[in-house]
Each structure stands twice: as structure tokens, then as C-alpha cells.
Amino acid sequence: MRKPDGKIVLLGDMNVGKTSLLQRYMERRFPDTVSTVGGAFYLKQWRSFNISIWDTAGREQFHGLGSMYCRGATAIILTYDVNHPQSLVELEDRFLGLTDTASTDCLFAIVGNKVDLSEEGAVESREKDGCSPRLAAGSYMSPKGPKQVQLEDAVALYKKILKYKMLDEKDVPAAEQMCFETSAKTGHNVDLLFETLFDMVVPMILRQRAQGPPQTVDISSYKPPRRTKSGCCA
Amino acid sequence: MEAGGDTAAPAPGDAEDLEDTRSPSEEAGDSGGVHEEPPDPREEGLEETGSEIKDQPPGLQSPLPQLEAPSCTCRLWDPAASENSPLDDPESGSGGQGGDPSDEDWRSKRKHVFVLSEAGKPIYSRYGSVEALSTTMGVMTALVSFVQSAGDAIRAIYAEDHKLVFLQQGPLLLVAVSRTPQSVAQLRGELLAVHAQIVSTLTRASVARIFARKQNYDLRRLLAGSERTLDRLLDSVEQDPGALLLGAVRCVPLARPLRDALGSLLRRCTAPGLALSVLAVGGQLVTAAQERNVLAECRLDPADLQLLLNWVGAPAFAAGEAWAPVCLPRFNPDGFFYAYVARLDATPVCLLLLSTDPEAFHDMATCRRLVEDGMHTLGAMRALGEAVSFSKAPSAIALAYSVQAVGASGLRHFLYKPLDIPDHHRQLPQFTSPELEAPYSREEERQRLSDLYHRLHARLHSTSRPLRLIYHVGEKETLLAWVTSKFELYTCLSPLVTKAGAILVVTKLLRWVKKEEDRLFIRYPPKYSTPPAVPAASMDQASHNGLFPGP
């Protein structure tokens, strides 16, 4: 049985392409995805380590589970859609709060996905598939709409996150290193994103091992409380 | 109130030959009901409706005249909504249909299902994009509130060949508009299943809470993605009749020793908080085990089980291990279970573990590995592989046997629901049916067969005059439906079969089912699993959860 050593969580508004990013990386393909239900769990072998990756559903009703998905995470990938500014705003408004349960030295990566829709890349099939939600009717028609969100906006968000987490910019990787623009469809930057993160996660795993398991309770010496009531939780 | 009269078209000279042969007592003289059967939906029927709609003058009609003159109901598809841009809404998952009510393609659909909020906000539409339908949905709200203002509730409208069925569930309004021969009761059952599916994602309590707080809330945001599950549910009614019609689940045919072994394996593999484990393939049940502590008084309702089987068939569960909240509407419409869903060994065999604990993912993952190991020891994967054709796409319903296995020539298809399974049928209604083969391999043909089954079912279960036996000679097939205290049976036979021949075939079929029943059905209720005394299995994994899960 493989036990995960580190944990990476993908967060972001719905339809920004979290599942597509992960599938592009894990399975080297860009399938027609359907909305993820709840969270999906994958294991990736990276050198001698097992890294677990949680792909979450960017839907509000699953926020109850967000803290579980993020607990003890070593890295969190915040994903937005470069053609849809609101998805970047949502990251700060709704998803940042979920990361409170991540480990204290958690890494953050900010990923603008779907660059193929705004740059020179091919567009037609994508729009037919209906993968680009809530685009204005105008940009729907034009194959090369200008990018709605610039990389600088992501860098600004990254700096805000550091402030929120009360981290010093000197202690964490530089913003330029942690902000990516990707296309799950063409595979642009996808490997770079995951492999950069894995390489950063590995020393963290080693550090955590040296410190012993923090924040967790050794349950082998813990007696569970007797269950008093049955039935499912409300 | 039933608005409008039953104007269901009298079959205009259709070669409908419907008679009861051996029906006892009062049903004997049922010939009066025969001519009520509408004709088979044929192509000319489609065109007829199309031209009728074209003739409608534009502009919104007040709901009142529609109520009084039900034949005008087609005006519901008002061209006034055409100015809405038919933007393809990817979140609605409704495919490429424009959904514009003036769109010919959209109007020619046989059955529409809509879900809207009390305020008239669109939530779901089977076809087309809901944005384009806001006018249509407005009309529906108007109809409902018009009747409501008289202190009554609208249930159904019969309008020539259309049936409109309304179902109010809390703040949600569900509407079916159908040209299929399904009865109002059957359509209502379908709407209830759609509602149950929505509740399973959100819980009844949270739907009520959301709308109490904000009446004009756009529920689509919360349901994004679930539309496809609803689409699949509604498609299954037409393409693979049985589950919803008979209110029963379909079991994978499996030798009894193996099924029993799998059942006890599931009972052995427990974890704290685990309430229910289900092993399924392609929407069919292999076996299930319940935990005594959680589900002791209240056994799992078959409708809930069917809902889960439909739900885990979602393509979203095809890869990785998923962890998601799910509500079982019959068990408790206001609470969530947490579901662990994984495909075993990358086959379509799917394990579903329901836990009461939102943090128990790793416990359930451990549990899955135990099940997987156990199945390898049993060699169950190979046996299941033989029982189910894995070559098919996982989304396709992988049926296990051909009708040839019965060895009755002239028999094309059947649905058989036993009613005499000892102490069990009340807990777990089941049915069996063979693969739909030629001539029912095309979509339209399947639809036609489904229509025929629905029509026979409606006759057998008619509230005013239930029948026990129907022998129906159609142009393309002969059907025989029969309900006794021991079973409910629908058979589809070749059109050339004689009445005596049909009885022979059915006798043969019944004998075959009797012989095979241990394989076709779960004959003996699986026992409860007992919770583990010490949570031995989950030691190392549970440390990831921080604290040990409480109830």
C-alpha cells in the first residue's frame, strides 16, 4: 500500500479546467471532461516519494469539504481562467479561506489556464465543446480575443496571499516562479507547473520528516469516544 | 385538480388489437378501454405537431384560455422568447441544442422535463439552454400560481397528444411535457426521481434554506454538473426501460456462491463510520452490505439505491478515487452521507462506500484496498469479467445475457420482476431483462419498445381498472404483459407468434427464470455487517486526518 508523503490540492472556480490540467499531466490527454463531483484523489510517484493530488469540485456546495481537502497540504494550486477575470477574483474571495488548514509552510502556485483560447492557439473545437463558460457573446465569436487577465494580476494576487498568510517574500519562492499560464488543451506549461511544484515539495517532505509528524494525533494510542448516536450527520 | 378533460386521442383507425385473454372477473369485458389507446407515435404524428405549432399566433397568451382549451397548449412554446440569444450554455450540459422555443428541433422532442424555482427561475431543462426558456418557464409559473390562487393545485393538463404534468416539491416546481404514451402517474414518478436526484446533491433542507433566504437565487450554480446525471436518468427511461418503471434495481447475473462470497467480503471490510458498501457494474447491482449501527431500523430504500447506482455511473467517477457528499432522499432528505467511489483495478466494477464522517476518506481508501485484495483472492474479478462484457464503454449499460439464453424462439425481450422472493422483495425489489438486441438496437426502436412497455404498465396498474393480463398484437411485435402474486412480467414477441405460441413461450420463460433465479436475483437478504471492535484497519492512514473520526 502506498502512503502519500505530500499533498497537493487544486482549487479554483468551476470550469477553469482543474480536472483537465491534472488529466493532461497524469494521462497526457485532453478529454472532454464532465464536472467533477466532490473531490478526486490521485497518487503520483515522484522520485522516491508518493505525492497525492486532490482535484476538487469548484462548486459552492462542496465547500464544507474544502477544509478536509486542504488539511495538511504541502502545496495548493489556485487555478483561474485567463479569459474570465471573475475566476481570479473568486480565488481570493472564496478559495483563499479554505487554505487555512493547509500546512503552515504551504506553497502556493497561481495558474491561469486556457491560454489557448486567447492566444494564437486553435479555438474552434474548444468552443464547440462548450468548455469556455460565460464568455461574452462578442469574444465567443472572435477566435483570438485578447487575454482578459494578465500575468501581473496573478503576481499581485500571489503577493496578497503572502500578506494574508503573513509570510515574508524572502522565505518563499518568488512570485514570478509561482505564477504560471497554461493550456491543458495544448499542454503548454503543464509539465513545467507540476514538475516545478514536485521539486519544491520534495525538500518540504524531507524537512517535515525530520521534524516528526506535526499537527497530527497519534491514534494508535488514542481511544475513540464511544459512538453515542447513529444516523448520518445533518 | 385535473385541468382539462382526458382528450387523449382516440386511435383513428389504428390496427390496434388489444385484448385480454385469461383475465379473471371484471377485467374480462375491458374491450371498452381498447380504443382509448393512442396510436403508436409515428412520423406523421411528429409532423402534425410541428405544423400545428407553426400555426400558433405569436404573443403571450394568458394562462386562462389555455386551461379552458387544453388543445392550445402548444402556445407554451412561444416564439416571443426567440430574441434571447441561443447561447450554448456549457453548464447546463444540454449539448448543442439551441433551446429556443421557436426552434423546430427543440419542439420536436418527445418529452421535455423542466425544473424551475417558485419564482419562475429556470433550473434545469432536458433540452436546450434554460436561458432561452425563461419565457416558457414564466408561463408555467403563471399556470401553477393561477390554480394556486384558487386554493387548488394543478396536477396535469391533457392537451390532445400532449400531457403536461406538474409536481411541486418545496420551492421547486417540476414539469414534464410529453408526447410519449406514458401515463401521468409514470411521468410523475419520473419527476419524483428527478427531484430525488437534485435533493441528493443539495439536500432538501439546503434547497429550502437557499430559497427562504433569497427567492430569486439561481440554483443552477449549485447544480452545475448534475444536469448530466439528470440527462442520463431521463435517457434511461427511453433507452433501457425497467428500473424506474418497475421501481426495482437490476442485478448482475452471478453464480450464487460468488455473490455470497462477495457479500461476506463486503461485510468483513468495514471501517468506522461506514454505513453502506455497494458493489456495482454499469448501473447494475452486484451486492451490497449495510452496517447495523447506522442503518438498523431503516433499511436502505430501493429508490435510494437506484439513485446511487445511477449517480456512480457518472463519467466524473471514471478515474481516481472520488470523495463527495451525497444525500439519500428516502433515508433522510436533510442530511449528507459522504461517498467514496472508486473503480476497482481500472475495470468498470465500481465500489461505493458511504460514510457518516466527512473526514473518513483515507479510512475508506484503506477499506477499498481490503475489498480489492479480497476480490483477487476470490478470483472475483475474472468471474465478474465473464458475467459482464467489459469491452463496452463504461457508460453503456453492459447487460449480461442474451435473450437466446432462454431458448424460446419468438421471444425478443422481456422484463421480469419477481414478487415472491422470501422476505426480501419489500427491501430490495429487483428485476431482470436481457440485452436489447436487433431489431431493438436503434434508438428509435428502443424508444418504441419502451413506449409499448410503458403503455402496458399503465394499463396493468391503472387505478380505475387494473388488468392482470394483456395480449397486444402490434404491427411490428406482439406483447404480453402479466401480473400475478408471484411476478410481474412484460414480454415482447415476434409479430408472427400465435396466441397459443405466445403462451408456450411465456411458460418456457417462466420455467427458465425459475431455474436461473439464484443467478439472476439476490434471493436472500445480505446480513448486516458488524462494526469492528477495534478500528484495526485504519491506523496509519487515519493519522492523515488529524483526529479520529467521531460519529
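Among the GluC sites (Glu not before Pro) within segment B:255-346, those in coil by DSSP and having at most 11 neighbouring Cβ atoms inside 10 Å are B:Glu297. Sorting the segments A:10-16, B:513-519, B:145-151 by their mean number of nearby beta carbons within 10 angstrom, highest to lowest, gives A:10-16, B:513-519, B:145-151.
Please state the equivalent ellipsoid semi-axes for segment B:107-161: what are the square roots of 5 times the Cα gyration tensor eigenvalues, largest first, in whole Å?
Working: eigenvalues 84, 49, 13 Å².
Working from the Cα gyration tensor, I get semi-axes of 20, 16, 8 Å.
What relative contact order, as a whole-number percentage, does segment B:403-520 give when Cα pairs under 8 Å and 6 or more residues apart are counted? Relative contact order of segment B:403-520: 29 percent. Legend: residues B:Glu160, B:Glu435, sorted from most to least accessible area (1.4 Å probe; ligands, DNA and RNA excluded), read B:Glu160, B:Glu435.
Counting Cβ atoms of other protein chains within 10 Å of each residue's Cβ and taking the mean over peptide B:361-368 gives 2.
Here the Karplus curve 6.51 cos²θ - 1.76 cosθ + 1.60, taken at θ = phi - 60°, turns the phi angles of segment B:378-383 into couplings of 6, x, 6, 4, 5, 4 Hz, with x standing for Gly and Pro. Hull volume per residue, based on the alpha-carbon atoms of segment B:249-396 and their convex hull, is 101 Å³.
Counting Cβ atoms of other protein chains within 10 Å of each residue's Cβ and taking the mean over peptide B:217-225 gives 3.
Per residue of A:66-73, what is the mean number of Cβ atoms on other protein chains within 10 angstrom of that residue's Cβ?
Mean inter-chain Cβ contacts per residue within 10 Å come to 3.
Amide H contacts under 5 Å for B:Val286: B:Val252, B:Leu279, B:Ala280, B:Val281, restricted to partners 5 or more places along the chain or on a different chain, H placed in the peptide plane at 1.01 Å from N.
In nm, what is the difference between 0.36 nm times the number of residues separating B:Glu516 and B:Glu445 and their Cα-Cα distance?
On the way: separation 71, 0.36 × 71 = 25.56 nm, distance 2.84 nm.
Stretched out fully, the B:Glu516 to B:Glu445 stretch lengthens by 22.7 nm.
Dividing the C-alpha radius of gyration of segment B:403-520 by 2.2 N^0.38 Å, with N its residue count, gives 1.04. Here's how it looks for B:Phe487: its modeled amide H is under 5 Å from those of B:Leu419, which are all 5 or more places away or on a different chain. Measuring from a point 7 Å past the Cα of A:Thr186 along Cα-to-C-beta, which residues in segment A:97-117 have an amide N at less than 12 Å? Within reach of a label on A:Thr186, which here means backbone N under 12 Å from a point 7 Å along Cα→Cβ, segment A:97-117 contributes A:114-117. Distance between the modelled labels on B:Asp301 and B:Ala150, one decimal in nanometres: 3.2 nm (7 Å Cα→Cβ projection). Between B and A, roughly 4400 Å² of accessible area is buried in total, ligands, DNA and RNA not counted and the probe set to 1.4 Å. Computed from backbone phi, the HN-Hα couplings of segment A:177-186 come to 7, 10, 10, 10, 10, 10, 9, 5, 6, 8 Hz, rounded to whole numbers (Karplus: 6.51 cos²θ - 1.76 cosθ + 1.60, θ = phi - 60°; Gly and Pro given as x). For the peptides B:436-446, B:401-411, A:73-83, the ranking by packing is A:73-83, B:401-411, B:436-446, with the highest mean count of neighbouring Cβ atoms within 10 Å listed first. Label 7 Å along Cα→Cβ of B:Gln239; segment B:115-148 residues with amide nitrogen under 20 Å? Inside the label zone: B:125-129.
3J(HN,Hα) couplings calculated from phi for segment B:160-176 with the Karplus curve 6.51 cos²θ - 1.76 cosθ + 1.60 (θ = phi - 60°) are, in sequence order, 6, 8, 9, 10, 10, 10, 10, 9, 9, 10, x, x, 9, 10, 10, 10, 10 Hz; Gly and Pro show x.
Near B:Val326, the amide H atoms lying under 5 Å from its own belong to B:Phe337, B:Tyr338, B:Ala339; only residues 5 or more places off or on other chains count, and H is placed 1.01 Å from N. Annotation: extensible slack from B:Ser485 through B:Glu118 equals 127.9 nm (criterion: 0.36 nm per residue apart, minus Cα-Cα distance).
What would the Debye formula give as log10 I(q)/I(0) at q = 0.14, 0.18 Å⁻¹ for the alpha-carbon point model of segment B:104-239, no solvent? With one equal scatterer per Cα and no solvent, log10 I(q)/I(0) is -0.60, -1.04. Each label point was placed 7 Å from the Cα along the Cα-to-Cβ direction; for A:Arg209 and A:Thr104 their separation is 2.2 nm.
Applying 1/(1 + (r/R0)^6) with R0 = 51 Å to the Cβ-Cβ distance of A:Arg29 and B:Gln168, what FRET efficiency is obtained, to the nearest 0.05?
Values: r = 45 Å, r/R0 = 0.88.
Plugging the Cβ-Cβ distance into 1/(1 + (r/R0)^6) gives 0.70.
The values are calculated or read from the model by the stated rules, or taken from the named source; none is laboratory data. Quantities reported herein were computed from a predicted structural model and do not represent experimental measurements. Neighbour counts run over all protein chains shown; Cβ positions are idealised from the backbone, glycine included. Heavy atoms of the whole protein, side chains included, go into the accessibility calculation; ligands, DNA and RNA do not. Shrake-Rupley method; radii C 1.70, N 1.55, O 1.52, S 1.80 Å.
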